[in-house]
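A short write-up of the structure that comes next.
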Amino acid sequence: MRLQSTRHQSPEVGFKEAIFRGLPPDNGLYLPVEIPTLSSSFWQYCDQLNFQEIATAMACGILQGSIPEKELRALIFKAMDFSAPAVKLHKDLYCLELFHGPSMAFKDFGARFMATTMSYFLEQSGEKLNILVATSGDTGGAVAQGFFGVPGISVTILYPKGKVSQVQELQLTTLGGNVKAIEVNGTFDDCQALVKQAFLDEELRSKYRLASANSINIARLIPQSFYYAYAYAQLKHLWKDLVISVPSGNFGNLTAGVMAMKMGMPVSYFVAATNVNKVVPNYLESGEFQPISPSIPTLSNAMDVGNPSNFPRLLALFNGDVEKMRAKIKGFSFTDEETKLGVKELYESYHYLACPHTSVAYLGLKKAMEMDGGEHAGVFLSTAHFGKFLPEMESILGFSPELPEALQISGKKEATEMDNTYAKFRAYLTQHLI
Ligand SMILES: *Cc1c(COP(=O)(O)O)cnc(C)c1O
């Protein structure tokens, strides 16, 4: 597999280099030079395969020998030992549940695949690696779980003290082992600045191998295309064209869906469903990309993104042509009031508990399908378990739904409290990095 930068000012690289580098030197984003179409017989018979088998076929297609097929298969069965069921709510209305991984959010697919592939390459070379991440909540949990216990990799996670939810904090701080948490007396931006400074510290980098695990890494994007193919496989028996609604913030998830389409997955169109940070719906309407700065805080806070980082990739997949994008993506945005009504409606009409992000996806699908007049089958993506947003759920529904076992974390919080200075952070790193 060869990858190129969306800015075309950097040399092409292989898969291994792209994942350890993260970003190309021209500050664009890595995209595969070629996204191969899988055979028509794969798409014809995919309904006879389970999720891991579909993922293996998709991975072999896109990685094109970067990891030998037998090893890739073992790696996928190890990284993704959970599924992505499409739950039927009503005739032609389905919810694709992406929260059956260890942190109960869809970011588990990307984080686990990235951790396992990195570990595979490190084992071959005998090298060690340090992952540094700053988190405002959700990403940290998925990265912590994804890299937990992975040989040859040590993870340091920074989060702003008192500014992440209780469940999120426990997910970050109770694993132990190779996952270390630092609570910074400061904001998320301070955490990010500390990590950035460490990456610019040449002396530190000459002693330790550092990498980030942020969402623009191509190794986090690729595995997300797998569950789109699996959604198609589960709904194929309906014999209807599919509409897929994706609750979006940085647009990695939707970009992965478009990659699955390029690999031959039949889909009528996608819905880009956002909260009031509606940069992409606005772009689809006006043809102008206008970031919202600062981003607007909402109930679906993992989607509070005013300048979606994956947009250049999405645009590149449509050859920079807004018309081509419009043919395959419809954009809708929703306010917090509408999001709350969506949560209520899902519960009252279908006895389905959904988090605010999932509600946005549902509303987008509903709107699109009303405009279509019933000719499609629809699936909306559930990106997180409602239990991760219990206080919000309580205030919307007026009662407290029961927390699933995986979120009833009982371990003891272990985190190093730290003042927001680089000197302190650096001293910590020189003691703890491997
Ligand atoms: C990250 C996240 C999103 C947004 O996904 P993008 O790939 O950034 O568009 C949506 N919902 C939840 C729960 C998330 O954590």
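The values are calculated or read from the model by the stated rules, or taken from the named source; none is laboratory data. Since the model is a prediction, treat every value here as computed from it, not as a measurement. Cβ atoms come from the backbone with ideal geometry, glycine included; neighbour counts cover every protein chain shown. Each accessible area value is taken on the protein alone, full model and side chains, heavy atoms only, with ligands, DNA and RNA left out. Shrake-Rupley method; radii C 1.70, N 1.55, O 1.52, S 1.80 Å.
General remarks:
- Relative contact order %, region 281-434, counting alpha carbon pairs below 8 Å whose residues are six or more apart: 15 percent
- Diffusion of region 301-434 by Stokes-Einstein, at 4 °C in a medium of 1.567 mPa s and with Rh set to the Kirkwood radius over alpha-carbon pairs, works out to 69 µm²/s.
- Heavy atoms of D201: accessible area, 1.4 Å probe, square angstrom to 10: 20 Å²
- For region 112-222, the relative contact order comes to 32 percent (Cα pairs under 8 Å, sequence separation of at least 6).
- Accessible surface area normalised per residue over the chain is 40 Å², counting heavy atoms of protein chains with a 1.4 Å rolling probe.
- Reciprocal mean inverse distance between Cα atoms of the chain - Kirkwood radius, Å: 22.0 Å
- Projecting the Cα positions of P32, Q48, S125 onto the charge dipole of region 1-142 (unit charges on Cβ atoms of Lys, Arg, Asp and Glu, taken about the Cα centre) puts S125 furthest along the positive direction.
- Applying both filters, DSSP loop and at most 15 other Cβ atoms within 10 Å, to the GluC sites (Glu not before Pro) of region 4-80 gives E12, E34.
- The convex hull drawn around the Cα atoms of region 1-77, when projected onto a plane and averaged over every direction, covers 5.5 nm².
- For region 88-230, a crude dipole built from +1 on the beta carbon of Lys and Arg and -1 on the beta carbon of Asp and Glu, taken about the Cα centre, is about 180 debye to the nearest 20.
- Order by protection proxy (mean Cβ within 10 Å, highest first), peptides 95-108, 54-67: 95-108, 54-67
- Mean separation of Cα contacts under 8 Å, 6 or more apart, over the residue count of the chain: relative contact order %: 18 percent
- A helix-only calculation puts the chain at -13000 deg cm²/dmol for mean residue ellipticity at 222 nm, using -39500 (n - 2.57) for each DSSP H run of at least four residues, averaged over all residues.
- Sequence-distant aspartates and glutamates (8 or more away, or on other chains) whose Cα lies within less than 20 Å of K278: E288, D304, D321, E323, D336, E337, E338
- Value of Rg to Rh for region 1-134 (Rh from inverse mean 1/r over Cα pairs, i.e. Kirkwood): 1.00
- Surface composition of region 158-270: carbon plus sulfur atoms contribute 50% of the solvent-accessible area (1.4 Å probe, protein chains only, all chains present).
- Taking a straight Cα-Cα cut-off under 16 Å and skipping sequence neighbours fewer than 8 places away in the same chain, the aspartates and glutamates within cross-link reach of K236 are D47, D92, E375.
- With the convex hull drawn around the C-alpha atoms of region 243-291, the volume per residue stands at 80 Å³.
- Across R220, R112, R326, mean-square fluctuation computed from a Gaussian network of the chain (C-alpha pairs under 10 Å connected) peaks at R326.
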